[in-house]
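Visitor: Questions regarding the structure given below will be posed in turn.
Since every read-out is calculated from the coordinates, none of them should be taken as a lab result. Keep in mind it's a predicted model, so treat the numbers as computed, not measured. For neighbour counting, all protein chains shown are included, and Cβ atoms are generated from backbone atoms with ideal geometry for every residue, glycine included.
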Amino acid sequence: MNCTIADRSIFERKHYFYADQPLGYQITQRRSPYAYSGSVSVCFEDGFLSSEEASLQVPIEQIQLEQDTAKSSYFMKDSENGTKRIQLLDFNRAGVALIEIVSAPAMRTAEQAGAYVRKIRDLLRCVNASDGNMNEGSLRCDANVSIHRMGTPFGTRCEIKNLNSVKFLLQAVTYEMQRQYTLLESGGTIQQESRGFDEARGVTYLMRSKEDAPDYRYMHEPNLTPLQVTREQLDKVRAGLPELPDDRNLRLRLQYSLSTRDLNVLTRVNADDDVAVPLPEGTKQPQPEQHHTRNAVDFFEAVVCEGIEPQSAMNWTIHHLLKELNAAQVPFAESPIPPTVLAELIRNVSNGTITTKTAHYLLRESISGQISLYKGSEVCVKEVITSLELNQLRTPQELRPYCTAVLQQHPKDVQAIHNGKTKALQKLVGAVMRESSGRADAIAATKLLKEMLAST
């Protein structure tokens, strides 16, 4: 995150009285953080923004270590005196250490806020600092929202607490922006406050007011010594860092000559993955030896390493494979198709053994668990093609029965072609493809149809 790391940072007690903090204080580094003055680049290539114009640099004010609070849950309950909001507290995580990343007010839209959180999650996962599973609380975010007219100072902000998914972050920020706009347009004023987000209703609600600046009475934490980081420690950690997302994206573009658009789609594949999601009922679970990377970028590179041309590997990963996974509602991370299998399918399409339609059929059946394209760690695509008689039909002898049947079934199109309407030929080719269940070679079928039409 391009931060300056403090040689020495200290822990302090921040005193306040909320139900979610039973100690009456929180250990924090608010006034002496261990990292500060950084920035995170959020680019279109990351896969989280809809346009290059939305790209931005988000300044990081500081990163601090502090204690977590209890988890607060709210629900509405009917009573004799009307509907009341009930608060429940889960103290299991209270006091657990966490890292707080404080960004500056640089984001103008909900989309940019969501892209920023996703980029942070990518970085945390990359360096193995966190699994980033927001639904489990490994990563949460608070969103400060304010609106103002261009050229005027920032408006009064409201803080939406503990959002546990990017989806809810987008919904909460969008709602809060509209709420504040409506309130100001009607002549009201915005009060500084902490708000929660009702996921069921898609609205924010008041948790507590912040009208008066609180005196947190910061004092030194007597039970913790200062955190000291040496230059040698920093150099050692820096030398052991894996390839970071920005470096990876640049390398992918240069090494494989990928377009920005394709790279955007590839990196977006895993954007909203939290945890491994169970496959739909009836779907065969991958065996241990069949497990492969859940990251789409790593998957793509593994296909390329199998000898597949990069653009072809890209197209099959983000278009063909992803299409069948989406149709089966199987997350990419839980795909039962290893890179070796996809590479073998691509080879068989390229050399004319099977058609693209047949490859889609094999992907679909393998994803659903109806067939298996591997035995243990061995790929058996060719054996399956042979056993199911799925080889592409290319010779006149193989194609003639299908072409004959199509010509007999479509006399009007045959007559139209004889009358000079050549576009009808494509309709006949399509009919041959359907008649052969996608096995016919379209070029060979077109040639044979022309010959047969010329002789009638």
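Visitor: HN-Hα J couplings of region 190-201 from phi, Karplus 6.51/-1.76/1.60, θ = phi - 60°, integer Hz, Gly and Pro as x?
Guide: 8, 9, 5, 7, 9, 10, x, 10, 8, 5, 5, 9
Visitor: Tell me which residues come under 5 Å, amide H to amide H, from Arg157 once H is placed; ignore anything under 5 positions away on its chain.
Guide: It is none; the list stays empty.
Visitor: Something else now. With a/c under 1.5 counting as rounded, go ahead and sort region 194-260 into rounded, prolate or oblate using the C-alpha gyration tensor (a ≥ b ≥ c being the square roots of the eigenvalues; past the cut-off, prolate if a/b is larger than b/c, else oblate).
Guide: oblate
Visitor: Separate question: Would region 92-240 count as rounded, prolate or oblate if I go by the C-alpha gyration tensor, calling it rounded below 1.5 in a/c and otherwise prolate when a/b exceeds b/c, oblate otherwise?
Guide: Prolate, because a/c is 1.5 or more and a/b exceeds b/c.
Visitor: Would you mind calculating the relative contact order of region 130-262 from Cα pairs under 8 angstrom and at least 6 residues apart, reporting the percent as a whole number?
Guide: Reported relative contact order: 15 percent.
Visitor: Calculate the length of the line joining the C-alpha centroid of region 203-268 to that of region 36-58, in whole Å.
Guide: That distance is 13 Å.
Visitor: Right, another one. Specify the angular offset, from 0 to 90 degrees and rounded to the nearest 10, of the alpha carbon long axis of helix 296-305 from the longest principal axis of the alpha carbons in the chain.
Guide: 40 degrees
Visitor: Which whole-Hz ³J(HN,Hα) couplings does region 409-425 yield from phi under the Karplus relation 6.51 cos²θ - 1.76 cosθ + 1.60, θ = phi - 60°, glycine and proline marked x?
Guide: 7, 10, x, 5, 5, 4, 5, 4, 5, 5, 8, x, 8, 5, 5, 5, 4
Visitor: Further, regarding this structure: Set Lys and Arg Cβ to +1 and Asp and Glu Cβ to -1, take the dipole of the chain about its Cα centre, and tell me which of Asn2, Met177, Thr358 lies farthest positive.
Guide: Thr358
Visitor: Please determine, in degrees from 0 to 90 and to the nearest 10, the orientation of helix 110-126 with respect to the longest principal axis defined by the Cα atoms of the chain, where the helix direction is its Cα long axis.
Guide: Orientation of helix 110-126: about 90 degrees from the principal axis.
Visitor: From the Cα gyration tensor of region 1-148, with a ≥ b ≥ c the square roots of its eigenvalues, which class applies: rounded if a/c is under 1.5, or else prolate if a/b is larger than b/c, or else oblate?
Guide: Working: a/c = 2.04, a/b = 1.30, b/c = 1.58.
Since a/c reaches 1.5 but b/c is at least a/b, the shape of region 1-148 is classed as oblate.
Visitor: Short version: ³J(HN,Hα) in whole Hz for each residue of region 215-221, in order, from phi by Karplus 6.51 cos²θ - 1.76 cosθ + 1.60 (θ = phi - 60°), x for Gly and Pro, what are they?
Guide: 9, 7, 6, 4, 8, 4, 7
Visitor: Between region 70-128 and region 296-337, what is the separation of their alpha carbon centroids in Å?
Guide: Region 70-128 and region 296-337 have Cα centres separated by 33 Å.
Visitor: Restricting to DSSP H runs of at least four residues, report the calculated mean residue ellipticity at 222 nm for the chain, -39500 (n - 2.57) per run over all residues, nearest 500 deg cm²/dmol.
Guide: Numbers: 15 runs with 168 residues, N = 456.
Per the formula, -11000 deg cm²/dmol.
Visitor: With the cut-off at 18 Å, tell me which of the pairs Lys71/Lys167; Lys423/Lys447; Lys421/Lys450; Lys119/Lys236 have Cα atoms farther apart than that.
Guide: Lys71/Lys167; Lys119/Lys236
Visitor: Still on this structure, I have one more. Tell me which lysines have Cα within less than 19 Å of Lys375's Cα, excluding those fewer than 8 residues away on the same chain?
Guide: Lys284
Visitor: Please list, ordered by chain and number, the residues whose modelled amide H lies under 5 Å from the amide H of Ser103; skip anything fewer than 5 residues away on the same chain.
Guide: Amide H to amide H, under 5 Å and 5 or more residues apart or across chains, Ser103 pairs with Glu61.
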